[in-house]
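One structure is given here, and the rest of the page talks about it.
Bear in mind these aren't lab numbers, they're just calculated from the coordinates by the rules spelled out. Values in this document were obtained by computation on a predicted structure and should not be read as measured data. Here the Cβ is made from the backbone with ideal geometry for all residues, glycine too, and neighbour counts use every protein chain on show.
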Amino acid sequence: MSLTDMKKMWMVPVLVFLGGLSLFAIPSLVAQIPSSEPSEFYFTRLIYTENNLRGGFGRNGTMENPGPYRCPEFGGGNFFPPQGWGWATDTPGSDCKLMGAIHRMTGQSVYPNPNYMEIMNPNLFKYPYSYMVEPGQMFIDDNEAARLREYLLRGGFLHLDDFWGTRESANVGQQLRKIFPDREIKELPLNHPVFHSFFDIPEVLQVPNQRNGCVGGSTSEQDGYDAHVLGISDDSGRLMVVITQNSDLGDAWEYMDLACYPQKYTGYALRMGVNLMIYAMTR
């Protein structure tokens, strides 16, 4: 089945909404998915090589794929193992909690594990949505760039999240130019469909990491003072890449249950996450 065919299957059922359910009640609910239902959404997290731009505590290269993990929201254990680093930052917590929210808010069945995927894995083309965290320290080679270009031009969607400031932004731009040397990265206006695919999002917020959110004060890191939502589109105007610059949606997903983390940021990050998923699966 092609990415286009998979998206057509989403056009009708994706608009189901569980009426009366408060957005902020979602984290406390357990998402139960009948085992007979096929999974309709996979949170596909892409594995990349780390360039050690952030220092990496002496680490360099690629964190090993930890393998399958069944989310507590879908019948797994009642705790999360320690998160990884590089491409695996915030996982499995952020992946699981976002998938739980997506299931509760849209009624869609989701794959109950984080879906870790190497860029060169041919199965990538089965998954219309993909996510990269901390791409400010990402390195992709020419073969990976060519694979991502093919994936995106054939209907795939990529969300880049949690990178900050001039230096990391420069690295993201450099890596994206390997994929699309002839396409511009543009600021997305608030009337863009991605801000209205499920929820109406009237403003762009800077989502802080867990520490800054709980302590209060500045929400920024490094010299990334202003949040931006940027994108790269294909020739028809379909958004292929969304970039949440100077913002950390992944931490807001991961720590949505933490009492000290402000609901203002959790609510925004969840709405953005759902909107990006809906856009990716229906365009």
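Note on A146 and D182: the extension gain reaches 11.6 nm, defined as 0.36 nm multiplied by sequence separation minus the Cα-Cα distance.
Each Lys or Arg adds one and each Asp or Glu subtracts one; over the other residues with Cβ under 13 Å from the Cβ of D95, this totals -2. Remark on region 77-193: ratio of C-alpha radius of gyration to 2.2 N^0.38 Å is 1.16. Under the shape rule built on the C-alpha gyration tensor, where the axes satisfy a ≥ b ≥ c, region 181-222 is oblate, since a/c reaches at least 1.5 while a/b does not exceed b/c.
Packing, taken as the mean count of other beta carbons within 10 Å per residue, orders the peptides 271-282, 94-105 from highest to lowest as 94-105, 271-282. Judged by the ratio a/c of the largest to the smallest principal axis of the C-alpha gyration tensor, region 160-202 counts as prolate, that ratio being 1.5 or greater while a/b is larger than b/c.
Among the listed pairs K178/K264; K126/K264; K126/K178, a Cα-Cα separation exceeding 27 Å is found for K178/K264; K126/K264.
Computed extension gain for T166 through E118, at 0.36 nm per residue and net of the alpha carbon distance, reaches 14.5 nm.
Take the Cα of E203, step 7 Å toward its Cβ, do the same at Q263, and the gap between the two points is 1.8 nm. Restricting the calculation to Cα atoms, every distinct pair contributes to the Kirkwood radius of region 134-283, found to be 15.9 Å.
All distinct Cα pairs of region 168-245 go into the 1/r average, and the inverse of that average, the Kirkwood radius, is 14.3 Å. Label positions at Q174 and S236, each projected 7 Å from the Cα along the C-beta direction, are separated by 3.5 nm. What shape does region 222-262 take by its C-alpha gyration tensor, where a ≥ b ≥ c are the square roots of the eigenvalues and a/c under 1.5 counts as rounded, a/b above b/c as prolate, and the rest as oblate? Since a/c reaches 1.5 but b/c is at least a/b, the shape of region 222-262 is classed as oblate.
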